[in-house]
Amino acid sequence: TISKCYVQVTGMTCASCVANIERNLRREDGIHSILVALMAGKAEVRYNPAVIRPSAIAELIRELGFGATVMENCGEGDGILELVVRGMTCASCVHKIESTLMKTNGVLYCSVALATNKAHIKYDPEIIGPRDVIRVIKDLGFTTSLVKKDRSASHLDHKQEIRQWKRSFVVSLVFCIPVMGLMIYMMVMDSQLSDAHAHHNMSSEKMEALHSSMVLEYQLLPGLSVMNFLSFLLCVPVQMFGGWHFYIQAYKALKHKTANMDVLIVLATSIAFVYSFVILLVAMAEKAKVNPVTFFDTPPMLFVFISLGRWLEHVAKGKTSEALARLISLQATEATIVTLGPDNVLLSEEQVDVELVQRGDIVKVIPGGKFPVDGRVIEGHSMVDESLITGEAMPVTKKPGNTVIAGSINQNGSLLISATHVGADTTLSQIVKLVEEAQTSKAPIQQFADKLSGYFVPSIVAVSVVTLFAWIIIGFVDFEIVEKYFLVTEVIIRFAFQASITVLCIACPCSLGLA
């Protein structure tokens with residue numbers, strides 16, 4: 001009896017390491033065959049359990065100077081096939097396909113769904129291949145085809161997100177610059193006023209007169225200054241267009257009972273905007289002589305910084321995705337499978353989808369063609385461009401016995417190769433998988449930050465609410481404290497609101513969120 005085991009091999013750097021392991025282990029007693037995948041760092045060994053154990057095989061690899069551990073979950077080598085089956089009418093058709101396939105040698109698992117016309121099959125690539133499975137289903141009287149995989153890597157395209165965040169950033173920036181200009185002007189004028197007060201001991205009446213003579217403090221209507229009116233006009237478009245995507249994301253998060261950074265951003269900007277708008281209406285209703293303090297400058301500036309961050313993030317993601325999409329496009333889509341007679345006489349050839357190539361198939365690659373799978377040359381001489389893997393611009397000579405890599409280009413001679421690694425096991429597929437995993441997996445610090453922000457948002461909201469009530473209580477208990485912070489006594493609740501909004505606005509674009 002022949003058993004199969006998988007060994008995780010570390011420390012391999014190139015094809016010569018693979019050849020070294022394969023050559024040395026083939027000489028050992030009890031080992032029937034060995035197949036090493038460089039990118040996956042995995043060796044598939046078929047051995048006689050009466051002669052040698054998997055632990056001894058790993059030890060032999062370690063003696064060659066590589067790290068080796070036996071992999072427990074041997075199911076890794078199972079082939080998985082997704083098929084579309086047409087012509088099924090009822091549950092008995094499903095049962096017929098499933099029972100026939102399960103009786104077929106090499107099929108480990110089979111599940112057919114009548115509603116979606118799909119079949120999910122697990123098989124042992126050593127015994128049976130995808131073409132054999134398709135033949136069995138066709139013999140039962142059904143038509144079947146492979147579920148087409150998206151080879152265009154469209155799921156990696158970030159163009160839409162890049163456009164969306166760029167638009168959001170530009171809208172916010174256009175309105176943010178005038179708001180910043182107004183703020184700076186007010187700050188400069190305020191500092192001049194305080195200097196004048198310090199040097200000339202100006203009376204408060206004259207001070208008030210100087211203050212009201214400032215252009216921006218001029219009241220268009222009682223309680224509505226030029227400054228507040230302009231800030232309101234500049235804030236509305238940002239709130240509606242610049243913050244649109246934030247509102248959508250925040251709504252989705254709240255719908256699923258979670259709180260993320262978008263919730264905090266939306267909360268801070270909305271409260272700042274609504275509070276400022278309400279306080280303006282109150283001031284106008286009261287015909288206030290003193291212009292109220294508003295927060296219309298908060299939303300544009302917050303949205304600018306955060307939409308810039310999101311835009312840059314998607315540009316960076318887009319760059320790695322672009323590289324990955326180019327890698328995926330290197331894969332061949334079809335293969336020419338040949339049947340050989342005695343003395344390697346060519347009996348027939350057939351064009352099949354690359355996913356239907358089975359291990360051990362003889363594949364013909366013509367000059368200028370791409371190698372569809374990893375394999376070993378059995379006939380022919382040629383030069384091959386392997387620059388996609390090695391970066392080496394010079395073509396490499398290939399003769400019988402040499403290995404070839406999927407995606408590399410055959411240059412001048414026709415070659416017949418025996419497929420050794422097919423489907424997801426080819427070097428190119430493994431590279432694509434590694435890059436995709438690197439993109440989707442998070443760094444430990446990022447996972448920690450995400451976990452933290454789950455608690456961060458509710459705690460900030462809680463602190464803000466506590467601040468609101470604390471200042472209301474302080475205001476009613478000891479009014480003089482509130483009076484200290486304001487030239488003109490304002491209503492306690494207004495001040496408490498201002499303090500709680502300040503907590504929200506300052507905590508919102510925190511370094512955690514921006515990072």
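The values are calculated or read from the model by the stated rules, or taken from the named source; none is laboratory data. Computed from a predicted model, the values in this text were never measured in an experiment. Glycine gets a Cβ as well: all are built from the backbone with ideal geometry, and neighbour counts include every protein chain shown. Only protein heavy atoms, including side chains, enter the accessible area calculation; ligands, DNA and RNA are left aside. Shrake-Rupley method; radii C 1.70, N 1.55, O 1.52, S 1.80 Å.
Points worth noting:
- Equivalent ellipsoid semi-axes, the stretch 19-170, via Cα gyration tensor eigenvalues times 5, rooted, Å: 38, 31, 11
- Entry note, the chain: the mean residue ellipticity at 222 nm calculated from DSSP H runs of n ≥ 4, each adding -39500 (n - 2.57), is -16500 deg cm²/dmol after division by the residues and rounding to the nearest 500.
- Under the Debye formula (equal points on every Cα, no solvent term), log10 I(q)/I(0) of the stretch 3-70 at q = 0.16, 0.27, 0.28 Å⁻¹: -0.43, -1.30, -1.40
- A Förster radius of 45 Å combined with the Cβ-Cβ distance from Arg26 to Gln351 puts the calculated FRET efficiency at roughly 0.85.
- Degrees between helix 15-26 axis and first principal axis of the chain (Cα, 0 to 90, nearest 10): 40
- In degrees, nearest ten, helix 54-63 long axis to first principal axis of the chain (Cα): 80
- Inter-label distance, Glu286 to Ser194: 2.5 nm, where each label sits 7 Å from its Cα along the C-beta direction.
- If you plug the beta carbon distance of Ala316 and Ile177 into 1/(1 + (r/R0)^6) with R0 = 22 Å, you get a FRET efficiency near 0.30.
- Taking amide H positions as modeled 1.01 Å from N, with prolines and chain starts lacking one, the residues under 5 Å from Asp361 and 5 or more places away or on another chain are Ala419.
- Fully extended contour minus Cα-Cα distance, from Arg163 to Val226, at 0.36 nm per residue: 19.2 nm
- Percentage relative contact order, the chain, counting C-alpha pairs under 8 Å, at least six apart: 11
- Entries in Lys148/Lys399; Lys4/Lys370; Lys166/Lys252 that, when Cα-Cα distance is taken, lie over 28 Å: Lys148/Lys399; Lys4/Lys370
- Computed over the chain, the range of Cα coordinates on each principal axis works out to 112, 58, 43 Å, biggest value leading.
- The stretch 331-428, relative contact order [Cα under 8 Å, separation at least 6], %: 33
- The angle between the Cα long axis of helix 91-103 and the longest principal axis of the Cα atoms of the chain comes to about 60 degrees, rounded to the nearest 10.
- For the stretch 355-428, the extents of the C-alpha atoms along the principal axes are 30, 24, 19 Å, listed from largest to smallest.
- With the convex hull drawn over the C-alpha atoms of the stretch 281-368, the volume per residue is 174 Å³.
- Measuring nothing but how far apart in sequence close Cα pairs (under 8 Å, 6+ apart) lie, relative to its length, the stretch 79-146 scores a relative contact order of 43 percent.
- The modelled label-to-label distance for the pair Ser16/Glu437, using points 7 Å beyond Cα in the direction of Cβ, is 2.7 nm.
- By average C-beta atoms within 10 angstrom, highest first, the peptides 277-286, 184-193, 357-366, 420-429: 420-429, 357-366, 277-286, 184-193
- For the pair Phe476 and Tyr247 in one chain, pulling the backbone fully straight at 0.36 nm per residue adds 78.8 nm over the alpha carbon distance.
- Nitroxide proxy distance, nm - points 7 Å out along Cα→Cβ at Arg131 and Val215: 8.2
- Here the chain has 62 percent of its accessible surface on carbon and sulfur atoms, given a 1.4 Å probe and all protein chains in place.
- Coordinate range along principal axes, alpha carbons of the stretch 79-146, Å, largest first: 33, 21, 18
- If R0 is taken as 51 Å, the Cβ-Cβ distance between Ser387 and His95 corresponds to a FRET efficiency of 0.50.
- The stretch between Asn344 and Asp124 holds 76.5 nm of extra length on full extension. This uses 0.36 nm per residue minus the Cα-Cα distance.
- 12 Å reach of a label modelled at Ala462, 7 Å along Cα-to-Cβ, counting backbone N of the stretch 264-295: none
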